[in-house]
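Dumping the structure here so I can ask a few things about it.
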Amino acid sequence: GEVTLKTFEGGLYAVTRCEVKDPEQDIPSTWKKLVAWCENSPYHMANHQWLEEHVVMPSTHPPQQFVLDLYLPIAG
C-alpha cells in the first residue's frame with residue numbers, strides 16, 4: 001500500500017517495553033502502568049505524540065506474540 005510520511009516535533013519520553021501475548025490485555029495494561037508511573041514521578045504528561053515501536057514483529061514470534069516499546073510524552 002501507500003506510505004505516508006509525517007513529521008512531528010520531538011520531545012522527552014518515558015519508555016517501557018511491552019511483551020505482548022494477549023494484545024487486548026497486555027498493551028492497555030502496560031500503557032496504564034506507564035501513565036501511573038508518570039503520575040507518581042516528578043514529570044507530567046506532555047502534549048506531543050504518543051508512540052508505539054514494534055521491536056520484534058509478529059512474523060518472528062508465534063502468533064500474537066511480539067514486543068513493543070511504548071513512548072509516553074513527558075515534561076519536567
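Derivation of every value follows stated rules applied to the coordinates shown; laboratory data play no part. The shown structure was predicted, so the numbers you read here are calculated from the model rather than taken from an experiment. Virtual Cβ from ideal backbone geometry, glycine too; neighbours counted across all protein chains shown.
With everything on Cα atoms, drop me the angle between helix 23-39 and the longest principal axis of the chain, reported from 0 to 90° to the nearest 10.
20
Please state the charge dipole magnitude for the chain, taken about the Cα centre, from unit charges on C-beta atoms (+1 on K and R, -1 on D and E), reported in debye and rounded to the nearest 20.
Values: 5 positive and 10 negative charges, 31 e Å.
That gives the chain a dipole magnitude of about 140 debye.
While we're on this one: At most 13 other C-beta atoms within 10 Å and a DSSP loop state: those are the exposed trypsin sites (Lys or Arg not before Pro) I care about. Give me the longest piece of the chain that has none. Present the calculation step by step, with values, prior to reporting the outcome.
Details: sites that count: LYS6, LYS21.
Formally, the longest exposed-site-free interval is 22-76.
Among GLU52, GLU19, GLU39, which one moves the most in a GNM of the chain with springs linking Cα atoms closer than 10 Å?
Checking each option, the largest mean-square fluctuation is seen for GLU39.
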